[in-house]
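Everything below concerns the one structure shown next.
Since every read-out is calculated from the coordinates, none of them should be taken as a lab result. It should be emphasised that the depicted structure is a prediction, and the values quoted were computed from it without experimental measurement. For neighbour counting, all protein chains shown are included, and Cβ atoms are generated from backbone atoms with ideal geometry for every residue, glycine included.
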Amino acid sequence: MTFYGSAELNAVTAIVRDKIGDAPQAEAASHRALASIAPEFRRNRALATTRLALTQLHQHEVDQACATASTVFVLMSGAPIPGRMRSLLGDYYRDLITLGPKAAVAREWGVRYRTEWSRV
């Protein structure tokens, strides 16, 4: 257990809480995780940020979720998007088009997602 710090434990808590349908507590855990992740660990920050966006989306906060999810691309600027993050962003996008298919912000995010996805 000493291997895992508070950031990792909060990140896992966010995943579990979101999976059981407790999006508000998942969002709180995501914020705690992000507060504990050092800025130089941008991939970890990007993964936690994607999880945060998912929890916001699961609370039907489409505009906020898209704004949060967009910061992932900023965090990963200049670096390839790893496979696990691509998969998680794909999960986010699928949920986005399910929960907010007619929202303009969802369409705009989808365009950016496809552009960033093709980035090498």
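Residues ASP22, ASP63 in ascending order of nearby Cβ atoms (within 10 Å, fewest first): ASP63, ASP22.
Sparsely packed loop sites in the stretch 24-120 (the chymotrypsin sites (Phe, Trp or Tyr not before Pro) outside DSSP H, G, I, E and B with at most 16 other Cβ atoms within 10 Å) comprise PHE41. The slack in the chain from TRP117 to HIS60, taken as 0.36 nm per residue of separation less the alpha-carbon distance, amounts to 18.1 nm. Counting only Cβ charges, +1 for Lys and Arg and -1 for Asp and Glu, the dipole size of the chain around its Cα centre is about 360 debye.
Here the stretch 13-53 is assigned +1 on the Cβ of each Lys and Arg and -1 on the Cβ of each Asp and Glu. Its dipole about the Cα centre then comes out at about 140 debye. For the chain, modelled as a GNM whose springs connect Cα atoms under 10 angstrom apart, the maximal fluctuation among ALA33, ALA106, ALA11 occurs at ALA106. Of the residues GLY83, GLY100, GLY110, the one that moves most in a GNM of the chain with alpha-carbon contacts below 10 Å is GLY83.
With viscosity 0.890 mPa s and temperature 25 °C, the Kirkwood radius over alpha carbon pairs of the stretch 34-83 converts through Stokes-Einstein to a diffusion coefficient of 221 µm²/s. Matching the structure-derived Rg and Dmax of the Cα atoms in Å against the labelled list (i) 13.8, 46; (ii) 12.6, 37; (iii) 12.8, 39 gives the label (i). Calculated mean residue ellipticity, 222 nm, the chain: -24500 deg cm²/dmol, from DSSP H runs (n ≥ 4) at -39500 (n - 2.57) each, averaged per residue and rounded to 500.
Remark: relative contact order (the chain) = 21 percent; criterion is Cα-Cα distance under 8 angstrom and separation of 6 or more residues.
Note on GLU108/VAL16: beta-carbon distance plugged into 1/(1 + (r/R0)^6) with R0 of 25 Å gives a FRET efficiency of 0.20.
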